[in-house]
Structures are given as C-alpha cells and as structure tokens.
Amino acid sequence: MKILIILSLDPSTVATGYAVIDSSIAEENLAEGLLEYGTIKPKPTARLSDRIRHIYDALQDIIEKHRPDAIVTEDQFGGQITAVKALSQVRGAIMLLASQNNLPMYLLAPTQIKKAITGIGNASKDKVIDAVRRTFKINDEAERLTSDMADAIAAGYTYLNYDIKKLRTA
C-alpha cells in the first residue's frame, strides 16, 4: 500500500502537536503538501484520563477529516519517570486509535527527526522551529508556530525522506 497522507504527531499530555501531510503534493511542493497543523491542548487541570480522552477524540476527528494512510510519531525519550509514564499512556491511546482505524504507526527517534530537518541530531527547539519554517515556507506572524507543531511537522518530513523499511512500527 502506498502511503499518501500522513498524520504526524508529537505526543504530550499538555500539548500534542499534529500535522497532516499529503506526500503526493509534498513531492512537488512541501509547503502545499502540508494540509493542516496545530496543537491539541486539553485543560491542564483535567484528570489525566480526561486529557487522554480529549487527545484521542481530537485525533479521531482529524483522522475522519483527512483519512490518513499512516501515523508517524516521535518515539519516547528519557526524562522524569512521572512524565514518561504519562507520555506512555498517551502513546498507548494513539496506538489504539491507529489500530481501530487500521493505520500503520511508525516511531521516529527525536534525534532522527532533528537530524533530518536541521542536519544536527541534538538541535535545539528553536533550530527545529526555524528549519520547519524555512522548509515548509511557514509565515506564522498571525499564529505562533510552537515547538509541538514544529516537531510534528518535522516528524512527517522525516518520514517522507526515510526508507520506510528501516522505520520502527508500533
């Protein structure tokens, strides 16, 4: 199956970045291939289970709107155990969503994404944002491009430029 539309994610319980990229358009023009991007922000005071449900429901709406062929997400990295546990629960909900919608899910290491978009595996958040702005010709004076959005867009970009056979699946 040829994957045309990608839903790429930067999962978080606070602000999950997402991007929808049509690879058939992006082959010719990256900026036009970026169909939609944004951030899903549950109420910070909500219970963890309610925040995960909010993210799940919002992603389901995006899937119904764009009918992606695959989900690409930033893989987990180290950190405080509490944050890692919460992020694991969000990723579990995303895996369930992928399974329910019969979508393959690919995992990309943060260093892999940063290297693909900036050329540097340990690039700062600002460098990733700047590289995404340049690469996708985003003029975001009206709306600030957040690191969550930029990471999601960069994950999609990495997927487009990577040998699919070498990617980890969930």
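The values are calculated or read from the model by the stated rules, or taken from the named source; none is laboratory data. On a predicted model such as this, the values are computed, not experimentally measured, just so you know. Quick reminder, even Gly has a Cβ in these numbers, built from the backbone with ideal geometry, and neighbours come from all protein chains shown. Accessible surface areas use protein heavy atoms only, side chains included; no ligands, DNA or RNA. Shrake-Rupley method; radii C 1.70, N 1.55, O 1.52, S 1.80 Å.
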Single unsatisfied condition, residue 75 versus (1) modelled with pLDDT of 95 or more; (2) touching a strand residue (DSSP E or B) at 6+ places or on another chain (Cβ under 8 Å); (3) open to solvent by less than 70 Å² (accessible area, probe 1.4 Å); (4) not polar (S, T, N, Q): (1)
Qualifying residue in the stretch 42-58 (condition: under 26 Å from residue 135 (Cα atoms) and either buried (at least 21 other Cβ atoms within 10 Å of the Cβ) or not polar (S, T, N, Q) (or both)): no
Residue count for the stretch 21-36, restricted to those that are part of a strand (DSSP E or B) and under 10 Å from residue 160 (Cβ atoms): 1
Counted residues, the stretch 112-149 - those being part of a loop (DSSP other than H, G, I, E, B), open to solvent by less than 100 Å² (accessible area, probe 1.4 Å) and of a type outside the set (Val, Ile, Thr): 6
